[in-house]
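In what follows, a single structure is set out as structure tokens and then discussed.
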Amino acid sequence: MTEETPGFDEKPDVPSGATPDDAEPKAAPSSEGAAPAGDAAAAQVAGLTAQLDQVRTALGERTADLQRLQAEYQNYRRRVERDRITVKEIAIASILTELLPVLDDIGRARDHGELVGGFKSVAESLETVAAKMGLQQFGKEGEPFDPTIHEALMHSYAPDVTETTCVAILQPGYKFGERNLRPARVAVAEPQPGATPAGQADKDSGAADTADGKESGGPEEG
């Protein structure tokens, strides 16, 4: 049998000075590595944006809470101040109410001419202090009767009044601010039943005179 000489694998010619690796063809660079890097950057940006939105939401909630607390605090301060003023007014009104009988005695002493000497000076000082604290006296003769501030102790009829009128102040009334500490005790008079008020009578008389003049003063027809 004829022996076959073992063959050799054929290799491309390699230039002198080159390594065997240089003879092998190099694969073209792939762009598959760039795509994952871009996706990762986009995912990171999206995550940061989500975190920023969460921070903004939390900041808005904390700001709203702070504004609400500030409003509640302002309301609390106003309520405390209002209560403080109310308590102060109640205390002053209570003190002034206790002084009213003393002021009545001073008024009666003045009416009888007994307010003289050192007693007069003390009485006037007391009235001045009460006025500075806000005490106001009311009730005058001739003013219309008002049941909200007047208390009628005497009643009569008078032909010269057109409505229920205070004709005498038996005891003055006092008030402190908007608080009525005591009504004015008065004597009132009402118009006489069946009587025509003076002003209305004058109007009726004038109207009658005018009518008579028209009837009798016209020219005669020839």
Looking for something open to solvent by less than 50 Å² (accessible area, probe 1.4 Å), under 31 Å from the mean Cα position of the chain (by Cα) and closer than 14 Å to N180 by Cα - is there at least one such residue anywhere in segment 126-133? no
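Where in segment 145-222 are there strands (runs of 3 or more DSSP E), lying fully within it, with 2 or more residues that are small (G, A, S) and either modelled with pLDDT of 90 or more or closer than 28 Å to R110 by Cβ (or both)? Explain how you work it out, then say what you get.
On the way: elements: 150-158, 165-171, 173-176, 179-182, 184-191.
Strands (runs of 3 or more DSSP E) meeting the threshold: 150-158, 184-191.
Table: residues versus (1) open to solvent by less than 70 Å² (accessible area, probe 1.4 Å); (2) under 30 Å from A123 (Cβ atoms); (3) among the charged types (D, E, K, R); (4) not in a helix (DSSP H, G or I).
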residue	(1), (2), (3), (4)
G60	yes, no, no, no
T63	yes, no, no, no
R84	no, no, yes, no
S94	yes, yes, no, no
E98	no, yes, yes, no
P101	no, yes, no, no
I'm trying to understand the selection: among the residues of segment 103-125, which are open to solvent by less than 60 Å² (accessible area, probe 1.4 Å), part of a helix (DSSP H, G or I) and either touching a residue at least 24 places away in the same chain (Cβ under 8 Å) or not small (G, A, S) (or both)? L103, D104, I106, G107
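Counting only residues that are assigned to a loop (DSSP other than H, G, I, E, B) and surrounded by fewer than 14 Cβ atoms within 10 Å (Cβ to Cβ), how many does segment 134-144 have?
Taking segment 134-144 first, the residues assigned to a loop (DSSP other than H, G, I, E, B) are 134, 139-143.
Then keep just the ones that are surrounded by fewer than 14 Cβ atoms within 10 Å (Cβ to Cβ); that gives 140-142.
Residues flagged as assigned to a loop (DSSP other than H, G, I, E, B) and surrounded by fewer than 14 Cβ atoms within 10 Å (Cβ to Cβ) within segment 134-144 amount to 3.
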When R78 is evaluated against the numbered criteria (1) open to solvent by less than 70 Å² (accessible area, probe 1.4 Å); (2) under 14 Å from the mean Cα position of the chain (by Cα), which criterion, by number, is the only one it fails? (1)
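The values are calculated or read from the model by the stated rules, or taken from the named source; none is laboratory data. Values in this document were obtained by computation on a predicted structure and should not be read as measured data. All Cβ positions, glycine included, derive from the backbone under ideal geometry; neighbour counts span all protein chains shown. Heavy atoms of the whole protein, side chains included, go into the accessibility calculation; ligands, DNA and RNA do not. Shrake-Rupley method; radii C 1.70, N 1.55, O 1.52, S 1.80 Å.
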